[in-house]
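What follows is a single structure, written as structure tokens, with notes after it.
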Amino acid sequence: MPMQDSLQVVVDRLKDKFGDNILSVSEFRDEVTVRFKPEVWLEAHTFLKEDPDCAFNMMIDETAADYPLRPDRFDVICHLLSLDKRHRLRTKTQTVEHIPSLVPVWRTANWHERETYDLFGIIYDGHPDLRRILLTEDWEGFPLRKDYPVEGYDM
Amino acid sequence: MQETKTAPQNGEFQSSQKRMRLNMGPQHPSTHGVLQIVLDLEGEVVMRCDPVPGYLHRGTEKLAEGKYYNQIIPLTDRLDYVSAFNNNVAFVLAVEKLLGIEIPSRANWIRMILMELQRIASHLIWFGTHVMDIGAVTAFLYAMREREMILDIFEMCCGARLTYSYCRVGGLMADTPPGFEEKVEEFVKHFPKAHAEYMKLVTKNPIFMDRTVDVGVITAEDAIDMGLTGASLRGSGVNWDLRKHEPYIHYDQIDFDVPLGSKGDCYDRYLCRMEEMLQSVRIVDQCMKFLKAGPVRADDPKVMLPPKELAMSQAEAMQRHFVQVIHGFATPVGEAYGKIEASKGELGFYLISDGSSRPYRMKIRGPSYVNLQSLPLLTEGGMVADVIACIGTIDIVLGEVDR
Amino acid sequence: MGLLNNKFEENIVTTTVDSLIGWAKKSSMFPLLLGTACCGIEMMAVGYSRFDVLERFGMLFRFSPRQSDVMIVAGTVTKKMAPVIKTVYDQMADPKYVIAVGSCAISGNIYKNYSTLQGLDRIVPVDVYIPGCPPIPEAFAYGIIELQKKIQREKVIRKNKEVLDPTAPPTGDVAAIKRPGYIKLPTAEDYAAFLDKDIEEIEAERSLLMPGRGSETK
């Protein structure tokens with residue numbers, strides 16, 4: 001498949017550069033997911049944007065998922081798109097609370113990270129303006145965590 | 001309207017006697033819903049613009065974690081409520097990718113026809129409200145006239161005018177009634193004449209051109225960096241349309257053009273969207289020729305409900321119906337990202353499944369949310385009145401912004 | 001009645017002052033549109049050329065609360081938006097009415113979660129509820145006609161027996177709402193008092209209520 005060839009090149013280049021810092025590479029239904037260690041999160045994305053074989057110039061989405069039974073309970077997930085090479089990649093990492101912000105790489109990460117902070121409580125180090133966006137400023141708690149009830153606390 | 005001294009943030013602006021903080025509050029006729037924009041003005045010039053969304057945050061993602069896949073479809077209707085069928089299809093594409101099932105071709109062609117009709121309906125609302133905000137109030141009445149024809153077609157198929165829930169995982173809810181094809185062809189014949197009328201009235205109007213040419217300019221690099229998609233990106237000259245470059249359903253068998261702008265101002269985006277409406281009519285016309293009789297629901301017994309006659313007469317079919325309604329159907333462990341080129345940009349549903357019949361996490365990538373983020377870039381340095389034109393030109397719908 | 005009996009020709013209309021005031025108020029309502037979500041789009045479509053529900057009743061959209069007297073809230077009300085709606089309602093001048101359009105404004109609809117207010121009547125008193133998701137245009141027309149009937153019935157010059165306080169929060173006590181055919185629901189004290197009674201008293205009461213029947217314990 002044409003998509004898989006250019007993505008195979010990307011995965012090879014990532015493995016060359018980061019080696020042990022990549023925890024896993026998986027593929028499901030034509031989508032490739034790469035899991036990094038949180039220490040190389042910012043460096044990996046700078047490489048993915050600037051390297052001419054990868055050329056991921058647009059960030060589509062940045063979000064998180066909550067696995068409360070794990071010690072590193074949050075999974076931070078990023079979807080990337082390259083307009084020139086026409087391929088997509090999903091990158092993941094895991095953290096308990098802090099993760100470096102990707103705003104220096106793509107400016108669109110600004111609101112994605114504010115929303116993830118608002119709903120999950122993950123703190124992005126280096127974000128220029130981290131405050132709540134979808135809920136009121138004085139809201140307590142982080143609704144999308146698995147231990148927050150759907151109906152909230154004051155129905 | 002008192003003078004405010006605000007504390008310096010980022011060390012950027014000085015507290016000046018002339019600077020005023022104005023709140024274009026959530027209740028405002030031209031914010032297309034409940035959007036609050038906090039403006040820092042010096043005279044008429046916008047120094048800082050800070051949109052505050054969240055007044056329509058309804059917690060769709062949290063609710064979806066407790067529902068079966070078919071039960072989430074009505075929730076997705078209410079995201080981009082002016083073109084509800086597009087959201088249904090995007091979600092259902094994600095689930096079908098997870099399951100790995102095949103959809104019968106008649107269902108796919110009907111989905112394409114209805115999606116393009118929805119694109120036209122959404123652009124008509126954009127046209128009506130954008131031009132009405134700029135000052136030409138009667139444009140809205142003209143746009144509503146054609147939109148009512150589209151809503152009639154949908155009401156004939158599924159009974160509702162605005163929130164359809166017509167898609168199901170594996171196909172459609174039911175086949176289209178007799179008379180569907182004639183109505184669609186009647187619309188296809190009528191619409192280009194109405195479109196020519198709109199172009200004659202608005203496009204070369206000097207007041208409209210004054211208010212939109214060279215207003216809200218965004219360059220191609222900035223647009224890609226800010227994650228813009230849809231007509232907002234194509235207005236700046238970037239050739240990217242998911243229907244052409246990452247085709248889904250049967251878009252690779254259809255012949256159509258993608259209009260591109262050059263300067264990236266409001267006028268270019270206006271022309272892009274107007275031309276997209278005509279291209280959509282062209283797509284619908286070609287799809288009607290491919291439409292043949294056949295089933296509209298996939299043949300997979302685990303996913304689709306059995307036909308009603310069988311469920312009422314055979315015991316196994318009734319059991320199957322019961323189990324699927326009470327327990328849903330399970331998806332394999334994994335994740336999928338289903339995306340379409342919606343009327344506002346790239347609409348994506350990211351689903352993480354843990355092997356049960358409910359999603360573990362559903363993330364909605366709403367194009368209006370990402371497009372709204374670029375509003376400060378469009379308005380800073382311009383006048384207050386241009387803020388209204390810029391909100392209209394990036395075409396937001398608050399259901400998608402706040403989810 | 002001898003002096004006025006059959007005195008007037010056919011070209012004089014007689015009515016009460018209240019009916020006249022009611023007719024004037026109902027025929028010139030100026031709605032304030034608070035369209036928040038999908039019902040807002042439907043309301044815009046309904047107010048324009050095909051259905052024309054608003055113009056033919058003499059209504060004209062005003063976008064400022066200072067100039068309007070009916071507040072039409074169409075769409076979901078979230079907890080972030082609720083103080084804004086209350087402020088807008090307070091800015092309107094008396095006499096004012098509220099129409100809640102759509103299931104979300106009536107009771108929260110399918111959004112039973114942390115961020116949605118379960119109904120508009122938790123913050124402002126509502127006069128007419130129009131159900132639907134979204135309601136069909138004919139339902140809009142019906143709702144507006146019901147509001148017109150309600151305005152026509154209002155007592156302006158005549159005394160109101162019960163003066164309702166519009167700024168009081170709605171009471172959540174179901175047993176305290178009086179309805180015609182008011183039935184007192186039994187409470188825990190009633191049940192305790194029943195348990196303390198002797199068996200002969202209960203039999204005596206029962207024979208009073210059902211005179212034809214004898215007691216069944218014998």
From the list A:Thr93, A:Thr46, A:Thr33, A:Thr63, pick out the single residue that is assigned to a helix (DSSP H, G or I) and of a type in the set (Ser, Thr, Tyr).
-> A:Thr46
Does B:Met149 meet the test of being at pLDDT 90 or above, aliphatic (A, V, I, L, M) and closer than 19 Å to B:Val296 by Cβ?
-> no
Please work out if B:Tyr360 is in contact with a Lys or Arg (Cβ under 6 Å, 6 or more places away or on another chain), facing chain A (nearest Cβ under 10 Å) and among the aromatic types (Phe, Trp, Tyr).
-> no
Selected residue [away from chain B (no Cβ under 14 Å), surrounded by fewer than 21 Cβ atoms within 10 Å (Cβ to Cβ), in contact (Cβ under 8 Å) with a residue 40 or more places away in the chain and of a type outside the set (Lys, Arg)] from A:Pro68, A:Pro38 | A:Pro38
Long-range neighbours under 9 Å by Cβ, at least six apart or interchain, first residue on the phi > 0 side of the Ramachandran plot within the stretch A:7-31, second surrounded by fewer than 15 Cβ atoms within 10 Å (Cβ to Cβ) and hydrophobic (A, V, I, L, M, F, W, C) = A:Asp30/A:Met1
Qualifying residues in the stretch C:59-98 (those that are buried (at least 17 other Cβ atoms within 10 Å of the Cβ) and of a type in the set (Phe, Trp, Tyr)) - the one farthest from C:Ile151 (Cα to Cα) = C:Tyr89
Is it the case that the stretch B:69-77 has a residue that's over 20 Å from the mean Cα position of the chain (by Cα), crowded, with 24+ Cβ neighbours inside 10 Å, on the phi < 0 side of the Ramachandran plot and not small (Gly, Ala, Ser)?
-> yes
Near pairs, Cβ below 6 angstrom, 6+ apart or cross-chain, from the stretch C:117-142 (closer than 20 Å to B:Arg78 by Cβ) to any residue that is among the basic types (Lys, Arg) and surrounded by fewer than 20 Cβ atoms within 10 Å (Cβ to Cβ) = C:Leu117/C:Lys79
Considering only the stretch B:28-59, state which residues are away from chain A (no Cβ under 14 Å), assigned to a loop (DSSP other than H, G, I, E, B) and either touching a Phe, Trp or Tyr at 6+ places or on another chain (Cβ under 6 Å) or closer than 20 Å to B:His130 by Cβ (or both).
-> B:His28, B:Pro29, B:Ser30, B:Thr31, B:His32, B:Gly33
Reported set for the stretch B:23-38 where residues are surrounded by fewer than 20 Cβ atoms within 10 Å (Cβ to Cβ) and at pLDDT 90 or above is B:Val38
Looking at B:Asp214, B:Asp257, which one is surrounded by fewer than 17 Cβ atoms within 10 Å (Cβ to Cβ), out of contact with any strand residue (DSSP E or B) (no Cβ under 7 Å at 6 or more places or on another chain), away from chain A (no Cβ under 14 Å) and at positive phi?
-> B:Asp214
Do we find a residue being out of contact with any Cys (no Cβ under 9 Å at 6 or more places or on another chain), in contact (Cβ under 8 Å) with a residue 40 or more places away in the chain and on the phi > 0 side of the Ramachandran plot anywhere in the stretch B:23-42?
-> yes
Can you name the number of the only condition in (1) assigned to a loop (DSSP other than H, G, I, E, B); (2) under 23 Å from B:Gly338 (Cβ atoms); (3) at pLDDT 90 or above that A:Lys85 fails?
-> (3)
Checklist (1) outside any loop (DSSP other than H, G, I, E, B); (2) more than 11 Å from every other protein chain (Cβ to nearest Cβ) applied to A:Asn110, failing item = (2)
Within the stretch B:153-172, how many residues turn out to be within 11 Å of another protein chain (Cβ to nearest Cβ) and in contact with a strand residue (DSSP E or B) (Cβ under 9 Å, 6 or more places away or on another chain)?
-> 0
Residues (part of a helix (DSSP H, G or I) and either of a type in the set (Lys, Arg) or under 21 Å from the mean Cα position of the chain (by Cα) (or both)) located in the stretch C:9-54 = C:Asp18, C:Ser19, C:Ile21, C:Gly22, C:Trp23, C:Ala24, C:Lys25, C:Lys26, C:Cys39, C:Gly40, C:Met43
Give me a count of the residues in the stretch A:1-35 that are away from every other protein chain (no Cβ under 14 Å) and among the charged types (D, E, K, R).
-> 7
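Residues are listed down the side, and each one gets a yes or a no for (1) at pLDDT 90 or above; (2) within 14 Å of chain A (Cβ to nearest Cβ):
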site	(1), (2)
B:Ile283	yes, no
B:Lys302	no, no
B:Glu316	no, no
B:Glu341	yes, yes
B:Phe349	yes, yes
B:Gly355	no, yes
B:Leu372	yes, yes
Surrounded by fewer than 20 Cβ atoms within 10 Å (Cβ to Cβ), polar (S, T, N, Q) and in contact (Cβ under 8 Å) with a residue 60 or more places away in the chain, is that true of B:Ser357?
-> yes
Within the stretch C:55-84, track down each residue that is in a helix (DSSP H, G or I), under 20 Å from C:Ile144 (Cβ atoms) and facing another protein chain (nearest Cβ under 9 Å).
-> C:Pro65
Enumerated helices (runs of 4 or more DSSP H) restricted to the stretch B:292-403, each holding at least 1 residues that are under 30 Å from B:Asp252 (Cβ atoms) = B:367-372, B:384-394, B:398-402
Quick one: which residue in A:Tyr117, A:Tyr153 is closer than 18 Å to B:Tyr369 by Cα and either within 14 Å of chain C (Cβ to nearest Cβ) or in contact with a strand residue (DSSP E or B) (Cβ under 8 Å, 6 or more places away or on another chain) (or both)?
-> A:Tyr117
Pairs where the first residue, in the stretch C:35-54, is facing chain B (nearest Cβ under 9 Å) and closer than 17 Å to B:Ala143 by Cβ and the second is small (Gly, Ala, Ser) and assigned to a loop (DSSP other than H, G, I, E, B), C-beta under 6 Å, 6+ apart = C:Gly35/C:Gly75; C:Gly40/C:Gly75
Does B:Thr229 meet the test of being under 30 Å from A:His112 (Cα atoms) and either touching a strand residue (DSSP E or B) at 6+ places or on another chain (Cβ under 7 Å) or surrounded by fewer than 19 Cβ atoms within 10 Å (Cβ to Cβ) (or both)?
-> yes
Among the candidates B:Val215, B:Val188, single out the residue that is assigned to a loop (DSSP other than H, G, I, E, B) and under 30 Å from B:Ser236 (Cα atoms).
-> B:Val215
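The values are calculated or read from the model by the stated rules, or taken from the named source; none is laboratory data. Because the structure is a prediction, the values reported are computed rather than measured. Glycine also receives a Cβ, built like all others from the backbone with ideal geometry; neighbour counts cover every protein chain displayed.
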